[in-house]
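The values are calculated or read from the model by the stated rules, or taken from the named source; none is laboratory data. Model, not experiment: these values are computed from the prediction. Note that each Cβ is placed from the backbone with ideal geometry, even for glycine, and that neighbours are counted across all protein chains shown.
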Amino acid sequence: MKIELQSQKGLRKVLSIVIDKKTIQLKMDERLTELQKEVSLKGFRPGKVPSSVIKSQFGKSIYGEVIDKILRETSSKAISEKKLKVAGQPKIDLKQFGEGKDLNFELQIDCLPDIELKPLEKIKASQYKIKIEKKIIDEKLKELANQNKQYEDRSINDKSIIGDQVVFDYSATVSGNKFEGSEGKGVKIELGKNLFLKNFDEQLIGVKKNENKIVNTFMPPNHPKKELANKEAKFECKILSVKKSIKGKIDDNFAKFMGAKNLADLQTLIEKQISSQYSQALNSITKKEILDQIEKNHDLELPKNLVEQEILLMSKSLKPEEKEKHKTSNEKIARSRIKLGLLLNELGEKNDLKVTDEEVRGEIQKQIKSMPGQEKMVLEYYKNNPSASQSLKGSLYEEKIIELIKTKIKLTTIEIETKEAEKIISEFNKPNDEYQSETKIKSSNKGKAKTKRISKK
């Protein structure tokens, strides 16, 4: 094997590699010998098929198989001999090939740059400690109480009003015919929320317990059965009960209903959840502040192929005109990501940072605990998606590097309340011409809880 450096432009190197025809023929003969033991042809005993016969029938495919193997093995050997740190997949350009000929090809390689890490001690950044005011916790408690209303039966002669809960059975028809799902038992709706069908709620205003009520409405336009979509429907309803909402006490009993030990425990859990929401966003801001400085402090030549791959990934879902519109900004973002990736990886390697399989499993368990009732779904997701576990491992690795950086820089802790946190996050989320932060947070005192229970983490 002959290896020559054909050309070099920055990190891109082109190696010219020649494999003599004798070596190729030797590999061909070895493969033919192997096939003699494997191939079964009519008219020949197993293992006794002459190599000439095998070659005449399978020669082209055998040659292709052998060449493919040689290309992989010699490429790897050439990279090793030249001690190159390869970025991405090398490209092979065949110059000469064919039976009875030398194999001549070029190997185009984008190499990783040599990185000289600058000291971190001069970097300054702020980290935030969030203080959750009592009024924010109280507002969240009221919100939870409102979302988990309790009801008591109205008297038999009381008519339903907006805000009441009506419980009913129904039997529905479209054009006089029943359909799948045309009957329902013990259906509960809160009048005024309009969560059932269009104009359904308003027709139940004024009903009383044990009353029969016919509701005329239309099936939803997005009904899975097209023959029912937008069709007029008749619902014969039997009113089982009419209930009025009662102002629930926010006390220990309510706290237990929400899954806490008592009211004090519920308040603590709410404070932790709100604090976690803000901290996650604020930590992202601190992280960006640190990474911006690290990126600025290092001049680095970047492998073209990695930048190109990142741009392709970013533009994958964009239309051609959008790709062109965002071409400059996408390239800048791609270069920034690749540069930071290389710098952080170098920091991780220099400090011998690793993420164990046990740590990955531990993180998956954290996710499971934060999603009660969906444990099986989370486990199945990671089981069926190895790339998801690898991505999680990468995130944990980056977190370790960031935490290491924080120990080496000048990090100032600032205690802030939610109002100031909102202001900082809002400023951070403002889009500009090139970048838009992915860090988003909904005010904890305004956002709607997605679950009935408070989960302990």
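Things worth noting here:
- Members of region 347-396 that are under 30 Å from GLU116 (Cα atoms), part of a helix (DSSP H, G or I), more than 16 Å from the chain's Cα centre (by Cα) and touching a residue at least 40 places away in the same chain (Cβ under 8 Å): LEU347, GLY348, LYS350
- Taking the criterion of being among the hydrophobic types (A, V, I, L, M, F, W, C), touching a residue at least 24 places away in the same chain (Cβ under 8 Å) and part of a helix (DSSP H, G or I), the residues of region 253-271 that qualify are PHE254, PHE257, LEU266, LEU269, ILE270.
- Residues of region 1-34 classified as crowded, with 16+ Cβ neighbours inside 10 Å, of a type outside the set (D, E, K, R) and within 21 Å of SER61 (Cβ to Cβ), total: 4
- From the options SER160, SER126, residue that is assigned to a strand (DSSP E or B) and more than 30 Å from ASP68 (Cα to Cα): SER126
- Meets criteria (modelled with pLDDT of 90 or more, surrounded by 15 or more Cβ atoms within 10 Å (Cβ to Cβ), assigned by TED's automatic domain parsing to the domain that holds LYS185 and hydrophobic (A, V, I, L, M, F, W, C)) for ILE239: yes
- Which numbered condition LYS55 misses (of (1) within 45 Å of the chain's Cα centre (by Cα); (2) in a helix (DSSP H, G or I)): (1)
- From LEU120, LEU107, LEU84, residue being surrounded by 15 or more Cβ atoms within 10 Å (Cβ to Cβ), in contact with a helix residue (DSSP H, G or I) (Cβ under 7 Å, 6 or more places away or on another chain) and part of a loop (DSSP other than H, G, I, E, B): LEU120
- Filter pass, LYS226 being surrounded by fewer than 14 Cβ atoms within 10 Å (Cβ to Cβ) and not assigned by TED's automatic domain parsing to the domain that holds GLY163: no
Table: residues versus (1) closer than 30 Å to LYS13 by Cα; (2) basic (Lys, Arg).
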| residue | (1), (2) |
| --- | --- |
| THR33 | no, no |
| ILE54 | no, no |
| THR74 | yes, no |
| LEU84 | yes, no |
| GLN89 | yes, no |
| LEU103 | yes, no |
| ILE109 | yes, no |
| LYS124 | no, yes |
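- Any chance GLU301 is under 30 Å from THR407 (Cβ atoms) and in contact with a helix residue (DSSP H, G or I) (Cβ under 6 Å, 6 or more places away or on another chain): no
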